[in-house]
Amino acid sequence: MTTSIIGLFESGDIASKVQDELTKAGFKKDTVEILQDVAASKISSRLVEAGYEKDKAESYGKALQKGGALVVAEAPDDKADAALSTMRKFKALTPEVLLERVSNGAPEETETAQVIEEELEVGVART
């Protein structure tokens with residue numbers, strides 16, 4: 001069984017670093033996808049396909065229209081926690097926090113502990 005782990009990041013550069021870190025940790029490159037500069041409908045469709053609720057998937061799609069990048073990693077269940085831990089290390093965000101940062105130019109250090117906890121709850125879908 002596989003688990004879809006997602007992480008929303010402020011930039012494509014950060015998302016690329018996450019992808020590199022995951023591949024160094026043993027994830028196959030074709031199981032780690034970066035979504036950036038694509039239609040909101042494609043993002044939400046991809047997340048619904050990964051097992052996320054439509055409303056939550058649409059919130060990620062809307063946030064990414066303003067900036068940022070989304071990493072989707074398909075992991076065996078026994079590696080899901082490792083993928084999530086890697087994404088936390090790079091400060092994965094919720095859609096709401098990404099929108100706030102993009103519109104306000106907020107510094108990167110804000111709300112990281114709370115965001116990580118929220119990401120843990122919404123960032124994993126079992127398929």
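The values are calculated or read from the model by the stated rules, or taken from the named source; none is laboratory data. Remember, predicted model here, so these are calculated numbers, not experimental data. Using ideal geometry, Cβ is built from the backbone for each residue, glycine included, and neighbour counts are taken over all protein chains shown. The accessibility values were calculated without ligands, DNA or RNA, using every heavy atom of the protein model including side chains. Shrake-Rupley method; radii C 1.70, N 1.55, O 1.52, S 1.80 Å.
Numerical summary
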| item | result |
| --- | --- |
| Residue that is most open to solvent (accessible area, probe 1.4 Å) [pool: residues in the stretch 37-96 that are β-branched (Val, Ile, Thr) and closer than 23 Å to residue 20 by Cα] | 38 |
| Odd one out for residue 10 among (1) surrounded by fewer than 16 Cβ atoms within 10 Å (Cβ to Cβ); (2) at pLDDT below 95 | (1) |
| Residue within the stretch 50-58 that is charged (D, E, K, R) and out of contact with any helix residue (DSSP H, G or I) (no Cβ under 8 Å at 6 or more places or on another chain) present | yes |
| Strands (runs of 3 or more DSSP E) wholly inside the stretch 1-78 containing at least 2 residues that are closer than 18 Å to residue 95 by Cα and without any contact (Cβ under 8 Å) to a residue 60 or more places away in the chain | 32-35 |
